[in-house]
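Values quoted throughout were computed directly from the atomic coordinates according to the rules given, and no laboratory measurement underlies them. What you see is a predicted model; the values in this text were computed from it and never measured. Glycine gets a Cβ as well: all are built from the backbone with ideal geometry, and neighbour counts include every protein chain shown.
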């Protein structure tokens, strides 16, 4: 058998029923695709990427994904931080992991998406890659040439989001779509899905309408879902625009109401407070969130956050204890803990 056609029939990461991945160089993949007149799927990953490993275990290994991708694609795994992957990442602007890139048999990039996702959505990505009307690059060209029909704008907004495009562009296209709709129709399920998932600019007309008419949306989708959308959008906006006073005000209410069962979100909020908030009352709230985060799932990240907040509040003895615990957890998980170690040395120096 030609080296170009060698596949891993039972790859250790997927199993016999799952996806088969081509073994060889990128040039070998391109040659095989041309020879077989077959599209290429590339799993662009990094060794340290947890969502990448989740996809291998929970999606690539499934019979459903294996059946669809093995029939329709030459699948290839490429580490973006090693060997050929380094130049590949630069050429195709891969900065988020996992990223999924789809090429036609001639080796031209036609579609892309990112992130961990269920099998159904992953297969849908593959179907879109094979559809001329749904391919990301084709939609991109249509938009740039002036296509602005409502149906196209709706689909393109989601395609952009799925490909991790610039949030400003996603918001621009989503807002353009909503401009084709009557404001009173924003509340219908199709438009609410787009507003809920893609509208991220609190200064945009659609968001202002949502904020001013939240009762209309709450009547159909519930107070919690609407409040989470409005408040979390504000939190993200204030974070990216570095308006930390506004960020702290909204987050301090949101976290207590909606995030107390989410260790990752609590840890993110607590860490941002550590880095950017000076008010001691607010910092004490962040300590509570970090502690709750550890109760939900103790790991290096939230233990380090807890230690850092205690240190910022002058509780050196407690900070020392948890900094040491964080380092132990980091060693077990193979995580870089140099910043925690630096903090530990500062605390020990102050205690001498």
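Given segment 244-352, what whole percent of its Cα pairs are spread farther than 17 Å? Numbers along the way, then the final one.
Details: 2933 of 5886 pairs.
More than 17 Å apart: 50 percent of the Cα pairs in segment 244-352.
Taking neighbour Cβ counts within 10 Å as the exposure measure, how do 312, 224 sort from fewest upward? Don't skip to the answer; put the middle values down first.
On the way: 312 18, 224 11.
Fewest-to-most Cβ neighbours within 10 Å comes out as 224, 312.
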Item to check | Alpha-carbon gyration tensor eigenvalues x 5, square-rooted, for segment 132-241, Å | outcome: 25, 16, 11
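Pairs of Cα atoms under 8 Å, at least six residues apart: use those to get the relative contact order of the chain, whole percent.
Details: 470 pairs, mean separation 29.7, N = 352.
Dividing the mean separation by the residue count of the chain yields 8 percent.
Shape of segment 3-129 from its Cα gyration tensor (a ≥ b ≥ c, root eigenvalues): rounded if a/c is under 1.5, otherwise prolate when a/b > b/c, or oblate?
Working: a/c = 1.28, a/b = 1.05, b/c = 1.21.
Rounded is the answer for segment 3-129, as its axis ratio a/c remains below 1.5.
When 175, 180 are ordered from fewest to most other Cβ atoms inside 10 Å of their Cβ, what list results?
Numbers: 175 20, 180 13.
Neighbour counts put them in this order, fewest first: 180, 175.
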Checklist entry - When each pair of different Cα atoms in segment 227-308 is counted once in the 1/r mean, what is the Kirkwood radius in angstroms, to one decimal? => result 12.4
Next on the checklist: Connecting C-alpha atoms closer than 10 Å in a GNM of the chain, tell me which of 161, 75, 106 has the biggest fluctuation.
Outcome noted: 106
Checklist outcome for this item: Honestly the chain on the Cα gyration tensor test (a ≥ b ≥ c root eigenvalues; a/c under 1.5 rounded, otherwise a/b vs b/c for prolate or oblate) is just oblate
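Would you order 305, 137 from fewest to most other beta-carbon atoms within 10 Å of each residue's own beta-carbon?
137, 305
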Next on the checklist: Report the gain in length on full extension from residue 297 to residue 148: 0.36 nm times residue separation, minus Cα-Cα distance, nm rounded to one decimal.
Outcome noted: 49.0 nm
Checklist entry - Which percentage, to the nearest 5, of the DSSP beta bridges contained in the chain is antiparallel? => result 60
Item to check | Computed [θ] at 222 nm, deg cm²/dmol, the chain (DSSP H ≥ 4; -39,500 (n - 2.57); rounded to nearest 500) | outcome: -19000 deg cm²/dmol
Checklist entry - What whole number of Å gives the distance from the Cα centroid of segment 26-62 to the Cα centroid of segment 196-211? => result 36
